[in-house]
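Below is one structure, written out as C-alpha cells; comments come after it.
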Amino acid sequence: MAMGWIEQVTGSLEQKKQYRQYKARTKQLPANYRTAIDALERYLTYFGAITKGETLVKMLEDLADLFEQSAATGTPIREVVGEDPVEFAETFLQNYSEGQWINKERKRLNEAIESVRKEEEVP
Amino acid sequence: MGKQMTEMLKGTLEGIVLALLTGNPAYGYEITTLLREKGFSDIAEGTVYALLVRIEQKGLVDVEKRPSEKGPPRKVYTLNAQGDEYLEEFWRTWSFLAQRLEQLRDGGN
C-alpha cells in the first residue's frame, strides 16, 4: 500500500498530526506553563528514549492534560512539578516505559540469567 | 519535604491514594487537596497525577470524564474491585513492615 512506504520514510502521519495537535494545545497555555511544559517535553524525549511514536504521543497528551488542568485552577508551577522537577519527570516517564529502547536490553538480560538458572538445575 | 520522606512516600503513595479513594470518587486536584489536608503538605500535583496515570494503567480504578466549569473535562477516579483487592494487600504488607520495624527499634531482631 502507498501509505506503507510513505510512513516508513516520514514516520506515522497520524502521530505527526497528534503531535501538531499537542503543540497547538500547549500554545494556548499561559506563558509560564508553556515554558515549563516545553522544558519537560525536552527532558522526557531526551531521557525517555521512547521509540514508539504511539507511546510518546500518549505521554505528551497526558502531560498536556495535567498542564491545562493546572492552568485552569491556577496551581503555581512549583506545586505542579514539585521541588525536584527531574524526580517528577522520571516518575512520570515510568508510566510509558513500554516504548523505551532499553526494554529490549532488559529482556535480553533477563533471558540470559534465566538460561543460566536452567543450566544450574541440571544435576 | 525531606529527601527521606520523599523516598519513603514513593513506595506507599499508591496505597495512600487508593485508601483515600475508598467510597469517595475524586478527580486529581481533589485528591491532592485531600492529601494536603491529611498532612502530606508538600506533595506536588504532578506526582499525584503521574500516580493516577499508573493506577489507571494497572486497572485499579475506573475513570469517567466529566465536564468542568473551567478548564478541560476532569477525569474522576473510582476504586474498582481490583483496586479493593490491591488495597487489602497493601494494608497487609504495611502492617507486616510496620511491625518488623517497630521490633527493630525496640532492639529485638
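The values are calculated or read from the model by the stated rules, or taken from the named source; none is laboratory data. Keep in mind that this is a model prediction, so the values were computed, not measured. Glycine gets a Cβ as well: all are built from the backbone with ideal geometry, and neighbour counts include every protein chain shown.
For residues that are surrounded by fewer than 16 Cβ atoms within 10 Å (Cβ to Cβ) and not in a strand (DSSP E or B), scanning just segment B:73-88, find the one that is farthest from the chain's Cα centre (by Cα).
Keep residues of segment B:73-88 that are surrounded by fewer than 16 Cβ atoms within 10 Å (Cβ to Cβ), which gives B:73, B:78, B:80-82, B:84-85, B:88.
Checking which are not in a strand (DSSP E or B) leaves us with B:73, B:80-82, B:84-85, B:88.
Details: B:73: 22, B:80: 14, B:81: 16, B:82: 15, B:84: 13, B:85: 14, B:88: 13 Å.
Result: B:73.
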Taking residue B:66 as meeting all but one of (1) surrounded by 11 or more Cβ atoms within 10 Å (Cβ to Cβ); (2) of a type in the set (Lys, Arg); (3) touching a Lys or Arg at 6+ places or on another chain (Cβ under 7 Å), write down the number of the exception.
(1)
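Right, residue B:75: modelled with pLDDT under 95, over 16 Å from residue A:64 (Cβ atoms) and touching a Leu at 6+ places or on another chain (Cβ under 9 Å) or not? Working first, answer last.
Values: modelled with pLDDT under 95: yes; over 16 Å from residue A:64 (Cβ atoms): no; touching a Leu at 6+ places or on another chain (Cβ under 9 Å): yes.
So residue B:75 does not fit the description; no.
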